[in-house]
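Nothing in this text is a laboratory measurement; each read-out follows from the coordinates by a stated rule. In this text, all values refer to a predicted model and were calculated from it rather than measured experimentally. Ideal geometry is used to build each Cβ from the backbone, glycine not excepted, and the neighbour counts take in all protein chains shown.
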Amino acid sequence: MTFKDIFAQYNWDEVKAGIYDKTDRDVEHALNKTGKRDLEDFKALISPAAAKYLEPMAQLSNQLTQKRFGKTIQMYLPMYLSNECQNICTYCGFSLDNPLRRVTLTDAQIRREVEVIKALGYDHILLVTGEANKTVGVDYFKNALKLIKPHFAHISMEVQPLDQQDYEELIPLGLNTVLVYQETYHKNDYKKHHPKGKKSNFDYRIDTPDRLGKAGIHKIGLGVLIGLEDWRTDCFFTAAHLQYMERNYWKTKYSISFPRLRPFSGGLEPKVEMNDRELVQTICAYRIFNEEVELSLSTRETEKFRNHIIPLGITSISAGSKTNPGGYAVEPQSLEQFEISDERTPAEIAHMIRACGYEPVWKDWDVVYS
Amino acid sequence: MNNILTIADKTFNSRLFTGTGKFSHNQLMEEALLASGSELVTVALKRVDVQNEQDDILKHLNHPQFHLLPNTSGARNAEEAVLAAQLAREALGTNWLKLEIHPDPKYLMPDPIETLKAAEQLVKLGFVVLPYIHADPVLCKRLEEVGTAAVMPLGSPIGSNKGLKTIDFLEIIVEQSNVPVVVDAGIGAPSDAAKAMELGADAVLVNTAIAVSPNPVDMGKAFKMAVEAGRLAFEAKLAQTSSQASASSPLTAFLFDEE
């Protein structure tokens, strides 16, 4: 059994209706509980009814996060290795049908990027690619890990979903974390957003966290791309997926992201908007539902938003990100996956975090733990 | 004023051991730990950049009264813990080690089997091992038998601030142990620390309750006072509590009847 089988028992429209039917009483029940919150509580916390409880939710989220993670924020940086991609995704700058020059970093280019990223102070890095299995497949990743591992304490990857055996081969080379976002749990519309390429296989993608769990990966990142479908329902399925994963792969750590669709060169507007208040509600809902999960925020969000979000529940943040391969040193002008919103340098963000009364943490893992 | 605590080759005037995680600033950590009077501070190897001589955490712990207690937080099995211990010994120049192995990243529950295995190897490698474990009296004896310098049973889940939920087992451990007992994890308030000391623990280890307090310096002081008070009370012998009333019709009075 995998999460796919659990997922098959749900009906999107019923779940959605269940969220929208939640009342003040349900929200208060979820907030006042002393024990662990369940998925019904999570529905209440992301429901429209919870909007007017935003301040008490934020207070609770702040307390729970400090209890677990202290007054610290983990710093990480994405490093794009390639923008080659065989998929058509309606929302992504790397989509096969988007006419841009395709770049895949060579060994020498990877070394140059690493040097610049290290100089910024980073020790936790996220490697990102599109999906081009022939040129940027497992062999490419193995080589990249060998080049990059000696320089970083913690390596995450956000690349195409792979087979369990592939993950088992990458983990001993220093792969600590894999982020694999479902994009949307709306199975029918998933096909519309991913009309072509291996990514259009919903089932293979939704089973990826199970394959990672079986491979014994240390940490898995879950999430959806907010803006594709009803975000409350998508967030519910993310929470259900998290709960399933924790019960079945208890040695693995989990993180959640909530990327909001950003404009890119030639891209479409989001179908569903999530405003800043709703994003805060979502962050707090995840935290109140699960006190231990890591919550991550990228440079997609604006300066103003990021200045105020530090104490509200997130645990890691990127700063000074480039979303194009070679963006740090090799080819800063190449086309990016999406436009970032907060362009401040890592040092400026670290300063902002300190001003919020938090310590930016650059290293919180060690190669000795592989 | 309290009796001196000895663990392996070191003596301690303070029975309050402290953690260094979760502080909002390393400067504040330094001030809070100084205020706490702590002489043994635990540092996660994973947080330290051993390549960097100017590592910010270590820089702020550079005081003669602070002895470093590197910990293996992040290790999921005995093998990783032993490797981490060796790296920590080399990087931090101490053979003292807080052995912690938690394969469960959600509740960070210590793995008793791997911990015992690693402890045995580390003792043979010359480490002064202080293992973090569940409040399991049998495991404590087993660890003592393989030569750990102390045992560190938890009061409640780490970071939970729930106090001494394991108190009945802690009492057995204190009663049976031939090595110092350090209550670690879950101590949320100075009163929890005092309670642990009153029941005879040799020391306590506190992190979250100090680090996450709005005023870590004052909280560090409060814990110092509580630990001293609790220990003093233990040494002065606490009055026994009694819920028994004197029976109005004694059952044994007949034995003393004058014929």
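Some notes on this structure:
- A cut-off of 5 Å between modelled amide H atoms, ignoring neighbours fewer than 5 places along the same chain, links B:G19 with B:T42, B:V206, B:N207.
- Space enclosed by the convex hull of the alpha-carbon atoms of the stretch B:5-236, per residue, Å³: 107
- Amide hydrogen proximity for A:K253: with H placed 1.01 Å from N in the peptide plane, the residues at 5 or more positions away or on another chain lying under 5 Å are A:K219, A:I220.
- Set of lysines near B:K141 by C-alpha distance (under 25 Å), chain-local residues within fewer than 8 positions excluded: B:K10, B:K98, B:K117, B:K124, B:K165, B:K195
- Report note on the peptides A:348-361, B:77-90: ranked by the mean count of other C-beta atoms within 10 Å, highest first, their order is B:77-90, A:348-361.
- Put in order of Cβ neighbour count within 10 Å, fewest first, the listed residues A:T302, A:T129, B:T208 become A:T302, B:T208, A:T129.
- Dipole moment magnitude, nearest 20 debye, the protein assembly as shown about Cα centre, only Lys, Arg, Asp, Glu C-beta charged: 1220
- What separates the Cα centres of the stretch A:69-142 and the stretch B:17-85 is a distance of 33 Å.
- Near A:E84, the amide H atoms lying under 5 Å from its own belong to A:V103, A:G130; only residues 5 or more places off or on other chains count, and H is placed 1.01 Å from N.
- Cβ neighbours within 10 Å from other chains - mean over A:356-366: 6
- Stokes-Einstein D for the stretch A:291-370, Kirkwood Rh over Cα pairs, 20 °C, 1.002 mPa s (µm²/s): 152
- Shape category assigned to the stretch B:1-89 from the gyration tensor of Cα positions, a/c cut at 1.5: oblate
- Using the Karplus relation 6.51 cos²θ - 1.76 cosθ + 1.60 with θ = phi - 60°, the per-residue 3J(HN,Hα) values for the stretch B:55-71 come to 3, 5, 5, 4, 4, 7, 10, 7, 10, x, 6, 8, 8, 7, 10, x, 10 Hz, with x marking Gly and Pro.
- The protein assembly as shown - convex hull of alpha carbons, volume per residue in Å³: 183
- When the C-alpha to C-alpha distance is required to be over 31 Å, the pairs from A:K22/A:K71; A:K304/B:K162; A:K118/A:K304; A:K4/A:K304 that qualify are A:K22/A:K71; A:K304/B:K162; A:K4/A:K304.
- In this simple spin-label approximation, B:D218 and A:R25 carry label points 7 Å from Cα along the Cα→Cβ vector, and these lie 4.2 nm apart.
- Distance from the stretch A:25-63 to the stretch A:291-370 (C-alpha centre basis), Å: 27
- The antiparallel fraction among DSSP beta bridges confined to the stretch B:5-236 stands at about 10%.
- Against chain B, whose longest principal axis comes from its Cα atoms, helix B:216-235 is set at around 40 degrees.
- For the protein assembly as shown, the antiparallel share of DSSP beta bridges with both residues in that region comes to about 10%.
- Applying the Karplus relation 6.51 cos²θ - 1.76 cosθ + 1.60 with θ = phi - 60° to the stretch A:89-96 yields 3J(HN,Hα) values of 10, 5, 10, 10, x, 8, 3, 3 Hz, where x marks Gly and Pro.
- The charge dipole of the stretch A:3-365, taken about the Cα centre with unit charges on the Cβ atoms of Lys, Arg (+1) and Asp, Glu (-1), comes to about 500 debye, rounded to the nearest 20.
- Rounded to the nearest Hz, the phi-derived 3J(HN,Hα) couplings of the stretch B:97-106 under the Karplus curve 6.51 cos²θ - 1.76 cosθ + 1.60 (θ = phi - 60°) are 8, 8, 8, 10, 10, 10, x, 9, x, 7, where x marks glycine and proline.
- Peptide ranges B:229-240, B:135-146 listed from the most packed, as the mean C-beta count within 10 angstrom indicates: B:135-146, B:229-240
- Among B:I57, A:L279, B:T115 - extreme Cα towards positive end, dipole of the protein assembly as shown, charges at beta-carbon: A:L279
- Seen through its C-alpha gyration tensor, with square-root eigenvalues sorted a ≥ b ≥ c, the stretch A:4-86 comes out oblate because a/c lies at 1.5 or above while a/b is not bigger than b/c.
- Gyration tensor (Cα) of the stretch A:3-365, equivalent ellipsoid semi-axes in angstrom: 31, 24, 20
- Cysteines in the protein assembly as shown that lack a partner Cβ within the 4.7 Å cut-off: A:C85, A:C235, A:C284, A:C356, B:C140.
- Shielding of peptide A:245-251 by partners, expressed as the average count of other chain Cβ atoms within 10 Å per residue Cβ, is 2.
- Dipole of the protein assembly as shown computed with +1 at Lys/Arg Cβ and -1 at Asp/Glu Cβ about the Cα centre; of B:P153, A:Q59, B:L97, farthest Cα towards the positive end is A:Q59.
- Cut-off 12 Å between beta-carbons: net charge of the residues surrounding A:I125, Lys and Arg +1, Asp and Glu -1: 0
- Rounded to the nearest 20 debye, the dipole magnitude of the stretch B:5-236 is 220 debye, with +1 charges on Lys and Arg beta carbons, -1 on Asp and Glu beta carbons, and the Cα centre as origin.
- Listed residue (A:G313, B:T42, B:N77) projecting farthest to the positive dipole end of the protein assembly as shown, Cβ model: A:G313
- Averaged over B:102-112, number of beta-carbon atoms from partner chains that fall within 10 Å: 3
- Counting only DSSP beta bridges whose two residues both lie in the stretch B:1-70, roughly 30 percent are antiparallel.
- Protection proxy ranking of B:248-256, B:12-20, A:209-217, A:53-61, by the mean of other Cβ atoms within 10 Å over each peptide's residues and highest first, is B:12-20, A:209-217, A:53-61, B:248-256.
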